[in-house]
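Have a look at the structure below, then the notes.
The values are calculated or read from the model by the stated rules, or taken from the named source; none is laboratory data. What you are looking at is a predicted structure, and each value in this text was computed from that prediction instead of being measured. Heads up, the Cβs are rebuilt from the backbone with ideal geometry, glycines too, and the neighbour counts pull from every protein chain shown.
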Amino acid sequence: MSAAPNPGMRKLLGVTVAAGLIVAFAWLARTSSSAPPRHVPVATDSSTVARAFESRSSDVQVRGQGRVVRILPDDNDGSPHQRFVLRLDSGQTVLIAHSIDIAARVFPLDVGDVVSFQGEYVWNPRGGLVHWTHRDPAGRHAAGWLKHDNKVFD
């Protein structure tokens, strides 16, 4: 039969466990982000978007790049989203719906600007839309991002 640890030893054990958990969570937060490092160029391959559109797939993680062809008013029904349409190199257009409750608004943004993205694709007959272009504060969904003028919005 072992003796119960003294109060000082219990306190030291608690502090050690707490410190370990803090270090572990900090490491996970740094390594689990899918946003590109700021010094690495973003992949511009939009073929995942084209495949998702052709197969009428939804809830697919995609990454790509396009040129802004239209800036729409914010969608303020529920959580506000910044909306704009990108034309990909393939000619396909895709609506970007970017939560401005969670991430910063892409600003300034003008027709003709190039925007890279990572998010979740949802099919529709007009080319589809990409949302989840931000981190998930609850950590349950794959993180997305937008990149414009070498600035990442996530």
message: Here is a check on your reading of the model: is ASP101 within 27 Å of GLY139 (Cα to Cα) and exposed (fewer than 13 other Cβ atoms within 10 Å of the Cβ)?
response: yes
message: Exactly one of these conditions fails for THR93: (1) touching a Gly at 6+ places or on another chain (Cβ under 7 Å); (2) modelled with pLDDT under 95; (3) of a type in the set (S, T, N, Q). Give me its number.
response: (2)
statement: Matching residues in the stretch 104-150 (aromatic (Phe, Trp, Tyr) and either outside the structural domain of PRO80 (by TED's automatic domain parsing) or surrounded by fewer than 20 Cβ atoms within 10 Å (Cβ to Cβ) (or both)) number 2
